[in-house]
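Notes follow the structure.
The values are calculated or read from the model by the stated rules, or taken from the named source; none is laboratory data. Owing to the predicted nature of the structure, the values given are computational and were not obtained by experimental measurement. Because the Cβ atoms are built from the backbone with ideal geometry, glycine has one as well, and the counts that use them run over all protein chains shown.
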Amino acid sequence: MAWFTDFSKAAIGKKAVMAVSGIILFGFVLVHMIGNLHLYEGPGHLDEYGQFLRHMGAPALPPNGALWIARLVLLSAVVLHIWSAWQVTLMNRAARPTDYTYRPQVHTTYAARTMRWGGAIILLFVIYHLLHFTTGTVHPSFEEGAVYHNVVAGFSVWWVSLFYIVAQLALGLHLYHGVWSLFQSLGWSHPRFNLWRNGLAQAFAWIVTLGNISFPIAVLTGLVR
């Protein structure tokens, strides 16, 4: 186990943890967005989808059992992702306690420069999202199991929709840089693949962002009633 301990303490080990936890979260946001597309099929289909999520795994598991297992896995991935990012930041600061006297201009993407504050916005969004659509604590008229109603009523409040849109833009930037970086963190980086890697990162970020943004916009414009 000595190699595992040394690996976990090294920067490359922490970056690997960030990459693997990121893959789990990337998969979740994509599946979550695809599942929410049932909104455009009407209340029956979206409510049935919510019912399926609550009862998947039965009879081996109690109602919501598989859903809570998925939530615990996602929570673990979020904690590991934040922890590894923070550890890498601390290691970078420790490696150079005194800042450069002159910092040369290095070309980086806007997504890379905004990863930290974007991550903070996403974390606040996740907390609000759970209070909004999972527990109904901050929802104006939450009804247990009425997923379609909860989505339409929730996004009918314009400032809530605006917050969701801003959060999804931050998520899109985070996804783009995250997908690009995880290949490098896992050692899957080569000049011949960089164009393909950039295209995959952009496509993934745009698909998830536009899909998620479409939901509050559809409610505000009356496309979904």
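If you go through region 191-225 and keep only what is among the aromatic types (Phe, Trp, Tyr), over 22 Å from residue 133 (Cα atoms) and out of contact with any Gly (no Cβ under 8 Å at 6 or more places or on another chain), you end up with 193, 196, 204. When the residues of region 5-22 are filtered to those that are modelled with pLDDT of 75 or more and of a type in the set (D, E, K, R), the one that is farthest from residue 182 (Cα to Cα) is 14.
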